[in-house]
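Enquirer: Below is a structure I'd like to ask you about.
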Amino acid sequence: RPEFIPFHPPYLCATTPFDNDNEGFWDYPARAGWQIHRSDRKCHSGPCPPGTCVVSADQMDYGLQVPSTSRLDGEPSSVSEKVAFLQAWLFFGAMVEVCSLCRLELDSEKIPVSEGFVDMKKLNGLPQKLFVASRENGQAGKQTLRRKLYAIAREIQLMITRVGFEDEHEYTFSECEVLLSIYVFLRVVLLAFLCH
């Protein structure tokens with residue numbers, strides 16, 4: 001049985017793809033000309049979801065500034081540019097980073113892009129492949145790997161938590177599919193995390 005229902009969101013980040021230059025996931029926004037206004041801080045040892053402290057008496061939201069992203073050059077950005085950036089960073093960038101952390105070789109057959117669309121069907125089985133690769137390389141279950149996977153999952157969750165409501169944008173169906181694909185990849189990361 002497949003883990004994910006296959007669908008085919010458009011490949012919007014063709015003009016600004018994630019540059020797999022081994023410089024990493026965390027500083028990609030600056031390399032791509034974007035500034036991130038949301039930051040995740042772990043205020044407690046686990047009970048707080050990304051962006052909200054539920055332990056403190058006032059339950060203050062943090063890191064949920066609107067807009068969540070802006071161009072470094074100060075120029076306005078369109079919704080489609082923002083969604084393309086999020087796809088490049090939170091889908092493809094996270095995929096490259098997670099595969100690298102688990103030491104799963106990411107070849108062109110594993111990257112789910114063909115004819116201008118992302119083939120989500122290729123994500124089925126990826127959590128198990130990530131675990132097997134990390135086990136073969138002696139990384140399975142290690143606390144450092146778990147911490148890094150968890151940090152990526154929290155960052156993805158924080159960035160897309162309220163993206164649908166941000167600035168009351170009118171997203172197209174295709175852009176909504178891209179955002180859904182990011183949620184699906186978040187699930188891949190969390191399933192990989194649970195394997196450890």
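Enquirer: Restricting attention to region 110-150, which residues are closer than 12 Å to Phe185 by Cβ and in contact with a Pro (Cβ under 9 Å, 6 or more places away or on another chain)?
Expert: Once the filter is applied, which keeps residues that are closer than 12 Å to Phe185 by Cβ and in contact with a Pro (Cβ under 9 Å, 6 or more places away or on another chain), region 110-150 yields Val118, Met120, Lys122, Leu123.
Enquirer: Please find, among Gly46, Gly24, the residue that is surrounded by 12 or more Cβ atoms within 10 Å (Cβ to Cβ), under 24 Å from Thr144 (Cβ atoms) and either at pLDDT 70 or above or not β-branched (Val, Ile, Thr) (or both).
Expert: The conditions single out Gly24.
Enquirer: Could you say whether any residue in region 115-132 is of a type in the set (Phe, Trp, Tyr) and under 24 Å from Arg154 (Cβ atoms)? Lay out the reasoning, then the answer.
Expert: Of all residues in region 115-132, those of a type in the set (Phe, Trp, Tyr) come to 117, 131.
With the extra rule that they be under 24 Å from Arg154 (Cβ atoms), the set shrinks to 131.
Taking every residue of region 115-132 in turn, at least one turns out to be of a type in the set (Phe, Trp, Tyr) and under 24 Å from Arg154 (Cβ atoms).
The values are calculated or read from the model by the stated rules, or taken from the named source; none is laboratory data. Since the model is a prediction, treat every value here as computed from it, not as a measurement. In this analysis, Cβ positions are derived from the backbone assuming ideal geometry, glycine residues included, and neighbour counts consider all displayed protein chains.
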